[in-house]
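Student: Take a look at the following structure, please.
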Amino acid sequence: KYKHGKRHGKWIERYENGKLKRKNNYRNGKQHGKLLLYYDNGEIEARGYIKNEELHGKWFSYYRDGGLKNKRNYKNGKLNGKMVSYHKNGRIKNRKNYKDGKTHGSYVRYHISGNLILKGKYKNNRKSGKWVECRNGRCVSAFYQNKFPHTSKKRSRKKSKKRSRKKSKKRSRKKYRK
């Protein structure tokens with residue numbers, strides 16, 4: 001339907017095979033309301049809400065076989081709140097939190113077997129605090145400040161500058177001795 005020359009109301013798109021491709025709503029020419037996206041096999045690909053052309057509220061994405069891929073929240077087009085992703089076998093792949101579109105808060109990632117791979121926290125899209133990484137049953141931890149491990153790059157640069165100065169002094173001394 002059109003209202004004043006703009007899309008308005010429910011809209012349906014189909015694949016060439018006749019199966020549903022998308023169902024959505026328009027208000028005065030802008031997407032607004034429930035949105036459903038489908039794979040060409042008829043399974044739902046994603047579902048959620050749009051508010052004035054922006055993703056808003058709870059969203060769910062699915063694998064082609066219908067299994068849940070992830071669930072996430074949006075606020076005015078930006079990720080906001082908890083996001084959980086799943087492996088194809090249904091086990092949790094990762095959990096993370098967002099604030100105004102940036103990763104903020106706890107983060108956990110799991111192997112397809114369910115074993116922990118990585119655990120820590122983000123602050124404004126940067127790793128912060130203690131992080132634990134596990135491989136082959138062994139876990140190692142590191143402490144992050146502003147995305148970098150606690151032993152900051154500034155310190156290592158200073159040490160390398162001091163070493164290079166010492167080496168250049170030794171070289172210059174050798175030249176004068178000859």
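Student: In this structure, does ASN76 turn out to be under 25 Å from ASP100 (Cα atoms) and out of contact with any His (no Cβ under 6 Å at 6 or more places or on another chain)?
Tutor: Numbers: under 25 Å from ASP100 (Cα atoms): yes; out of contact with any His (no Cβ under 6 Å at 6 or more places or on another chain): yes.
Considered against the rule, which asks whether it is under 25 Å from ASP100 (Cα atoms) and out of contact with any His (no Cβ under 6 Å at 6 or more places or on another chain), ASN76 comes out as yes.
Student: Where in the range 1-117 are there strands (runs of 3 or more DSSP E), lying wholly inside it, with at least 1 residues that are under 30 Å from VAL132 (Cα atoms), open to solvent by 70 Å² or more (accessible area, probe 1.4 Å) and modelled with pLDDT of 95 or more? Break it down stepwise before answering.
Tutor: Values: elements: 9-14, 20-27, 30-38, 44-51, 54-62, 68-75, 81-86, 92-99, 102-110.
In the range 1-117, 54-62, 68-75, 81-86, 92-99, 102-110 are the strands (runs of 3 or more DSSP E) which contain 1 or more residues that are under 30 Å from VAL132 (Cα atoms), open to solvent by 70 Å² or more (accessible area, probe 1.4 Å) and modelled with pLDDT of 95 or more.
Student: Inspect all residues belonging to the range 122-131 and state whether any of them is modelled with pLDDT of 95 or more, in contact with a Lys or Arg (Cβ under 6 Å, 6 or more places away or on another chain) and crowded, with 16+ Cβ neighbours inside 10 Å.
Tutor: There is no residue in the range 122-131 that is modelled with pLDDT of 95 or more, in contact with a Lys or Arg (Cβ under 6 Å, 6 or more places away or on another chain) and crowded, with 16+ Cβ neighbours inside 10 Å.
Student: Kindly establish whether TYR49 is over 14 Å from the mean Cα position of the chain (by Cα), under 30 Å from ASN125 (Cβ atoms) and among the aromatic types (Phe, Trp, Tyr).
Tutor: Against the criterion (over 14 Å from the mean Cα position of the chain (by Cα), under 30 Å from ASN125 (Cβ atoms) and among the aromatic types (Phe, Trp, Tyr)), TYR49 qualifies.
Student: Could you go through the range 149-157 and let me know if any residue there is in a strand (DSSP E or B) and either modelled with pLDDT of 50 or more or closer than 14 Å to HIS104 by Cα (or both).
Tutor: Of the residues in the range 149-157, the ones in a strand (DSSP E or B) are 149.
So of that shortlist, the ones also either modelled with pLDDT of 50 or more or closer than 14 Å to HIS104 by Cα (or both) come out as 149.
Checking the range 149-157: at least one residue is in a strand (DSSP E or B) and either modelled with pLDDT of 50 or more or closer than 14 Å to HIS104 by Cα (or both).
Student: Please pick out the residue among ILE117, ILE92, ILE112 that is closer than 27 Å to LYS75 by Cα and β-branched (Val, Ile, Thr). Walk me through how you get there before you give the answer.
Tutor: On the way: ILE117 fails: closer than 27 Å to LYS75 by Cα; ILE112 fails: closer than 27 Å to LYS75 by Cα.
Answer to the check: ILE92.
Student: Next question, about the same structure. Within the set of pairs 6+ apart or on separate chains, which have a first residue in the range 27-44 that is under 22 Å from TYR2 (Cα atoms), a second that is of a type in the set (Phe, Trp, Tyr) and open to solvent by less than 70 Å² (accessible area, probe 1.4 Å), and C-beta atoms under 7 Å apart?
Tutor: Correct list of pairs: HIS32/TYR26.
The values are calculated or read from the model by the stated rules, or taken from the named source; none is laboratory data. Because the structure is a prediction, the values reported are computed rather than measured. Note: ideal-geometry Cβ built from the backbone for every residue, glycine included; neighbour counts use all protein chains shown. Surface accessibility is based on the protein's heavy atoms, side chains included, excluding ligands, DNA and RNA. Shrake-Rupley method; radii C 1.70, N 1.55, O 1.52, S 1.80 Å.
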